Amino acid sequence: MEYLLVILGIICILVGVIGSILPGLPGPPISYLGLLLLHWTRFAQFSVNMLVIWAIIIIVVSVIDYVVPIWGTKKFGGTRAGVRGSTIGLIVGVILLPMLGIVLGPFGLFGILGGPFIGALIGERYAGQNSQQATRAAFGSFIGFLAGTFMKVAVAFVLAFYFFRALFQAIF
């Protein structure tokens, strides 16, 4: 049973890191679940303080992740349509390009980075903004998206570090 928890924990850590970049998957909470799964085995015993502090960090980062793109868009004069467009652009960029067979290279990076910008730009134009205002708001939404993604990725990698360090110390 413990080995099953370890395998599920590894899967959660990996999905959590991926989910920190891709929309629709709550990356840091999934990574935290992986840490908890390892904690429930004989391979690692994390302190209650550490688990509580990380739970608080996960909640704060999850809330901030929703606020930062909106703040960035509004700071640069955008609307909710820009935020929605940014999210749709990311989803289309991540799903459409791999379906076309373009997984790696500059086009895959374009889907992840360019999708939110183009989506926000289209959303702002749809909301009636002129080209200059739409571009400025799209840039703000893109910066907010990058800031939120950076926070989630950083948290997921730190949780992965704690997970694998504890696991390797128990094994070796």
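The values are calculated or read from the model by the stated rules, or taken from the named source; none is laboratory data. Since this is a predicted model, take the numbers as computed values, not measurements. For neighbour counting, all protein chains shown are included, and Cβ atoms are generated from backbone atoms with ideal geometry for every residue, glycine included.
Taking the listed residues Ile58, Ile95, the one that is modelled with pLDDT of 85 or more and under 20 Å from Gly16 (Cα atoms) is Ile58, with no other qualifying. One residue stands out among those in region 136-172 that are at pLDDT 90 or above and among the β-branched types (Val, Ile, Thr): the one that is surrounded by the most Cβ atoms within 10 Å (Cβ to Cβ), which is Val155. Determine if region 28-50 includes at least one residue that is under 20 Å from Gly140 (Cα atoms), of a type in the set (A, V, I, L, M, F, W, C) and modelled with pLDDT of 80 or more. No; the residues of region 28-50 include none that is under 20 Å from Gly140 (Cα atoms), of a type in the set (A, V, I, L, M, F, W, C) and modelled with pLDDT of 80 or more. Among the residues making up region 113-172, a single one is within 30 Å of Leu38 (Cβ to Cβ) and not in a helix (DSSP H, G or I): Phe172. Every residue in region 1-48 that is surrounded by fewer than 22 Cβ atoms within 10 Å (Cβ to Cβ), in contact (Cβ under 8 Å) with a residue 12 or more places away in the chain and of a type in the set (Gly, Ala, Ser), please. Those that are surrounded by fewer than 22 Cβ atoms within 10 Å (Cβ to Cβ), in contact (Cβ under 8 Å) with a residue 12 or more places away in the chain and of a type in the set (Gly, Ala, Ser): Gly19, Gly24, Ala44.
In region 1-25, of all residues being within 20 Å of Phe145 (Cβ to Cβ) and in contact with a Gly (Cβ under 6 Å, 6 or more places away or on another chain), the one that is modelled with the lowest pLDDT corresponds to Leu25.
For region 49-62, state whether one or more residues are touching a Gly at 6+ places or on another chain (Cβ under 6 Å) and either buried (at least 20 other Cβ atoms within 10 Å of the Cβ) or outside any helix (DSSP H, G or I) (or both). Looking through region 49-62, none of the residues is touching a Gly at 6+ places or on another chain (Cβ under 6 Å) and either buried (at least 20 other Cβ atoms within 10 Å of the Cβ) or outside any helix (DSSP H, G or I) (or both).
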